Amino acid sequence: MRNFNDLVRQAQELQKKLEEINNELETVRVEGVAQNIVRAVVNGKLEIVSIEILEEDLSKIDKEILQDLIFVAIREAQDKAKIVAQEKFRTLGALGGLLPNFPNGIN
């Protein structure tokens, strides 16, 4: 019975650590910038927090290029946020690949 109780205690500790990490990731802010024209900010859970157009004169940028730059800025910010999340989840050991909120775990 002791092994079962230890297992339950470890599972509860792991759940608490996961909740703490998820709470931390909600407050993390990471940015991506595309050609100094677009800035995107995401949190550690890869959610978009803000998008800012840095260029004042958009008349010289066509619509498709601007859309691409927005996409690039978001992708860069999300890639950086994944690295932050990987570092935080690394403390959990091999369980990082089993986490549901990230494609293919956090790898």
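The values are calculated or read from the model by the stated rules, or taken from the named source; none is laboratory data. Being a predicted model, the structure only gives us computed values, none of them experimental. Positions of Cβ are backbone-derived with ideal geometry, glycine not excepted, and every protein chain shown enters the neighbour counts.
Quick look at the numbers
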item	result
When residues of region 62-89 are limited to those that are surrounded by fewer than 15 Cβ atoms within 10 Å (Cβ to Cβ) and of a type in the set (A, V, I, L, M, F, W, C), the one nearest to R29 (Cα to Cα)	I83
Tally, over region 9-27, of residues that are among the hydrophobic types (A, V, I, L, M, F, W, C) and either over 18 Å from A85 (Cβ atoms) or surrounded by 15 or more Cβ atoms within 10 Å (Cβ to Cβ) (or both)	3
Checklist (1) farther than 15 Å from A77 by Cβ; (2) of a type outside the set (A, V, I, L, M, F, W, C); (3) not in a loop (DSSP other than H, G, I, E, B) applied to E56, failing item	(3)
Given (1) polar (S, T, N, Q); (2) touching a residue at least 12 places away in the same chain (Cβ under 8 Å); (3) loosely packed, with under 12 Cβ neighbours inside 10 Å, index of the condition S59 fails	(2)
Subset tally (residues that are at pLDDT 95 or above and either on the phi > 0 side of the Ramachandran plot or of a type in the set (K, R) (or both)) for region 1-34	1
Boolean, K82 is of a type in the set (K, R), modelled with pLDDT of 95 or more and out of contact with any Gly (no Cβ under 7 Å at 6 or more places or on another chain)	yes
Residues of region 68-94 classified as acidic (D, E) and closer than 14 Å to R39 by Cβ, total	1
Residues of region 62-79 classified as touching a residue at least 12 places away in the same chain (Cβ under 8 Å) and not in a helix (DSSP H, G or I), total	0
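Let's see how each residue does on (1) touching a strand residue (DSSP E or B) at 6+ places or on another chain (Cβ under 8 Å); (2) of a type in the set (G, A, S); (3) in a helix (DSSP H, G or I):
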residue: F4; (1), (2), (3): no, no, yes
residue: Q10; (1), (2), (3): no, no, yes
residue: L14; (1), (2), (3): no, no, yes
residue: K17; (1), (2), (3): no, no, yes
residue: V30; (1), (2), (3): yes, no, no
residue: R39; (1), (2), (3): yes, no, no
residue: V42; (1), (2), (3): yes, no, no
residue: K45; (1), (2), (3): no, no, no
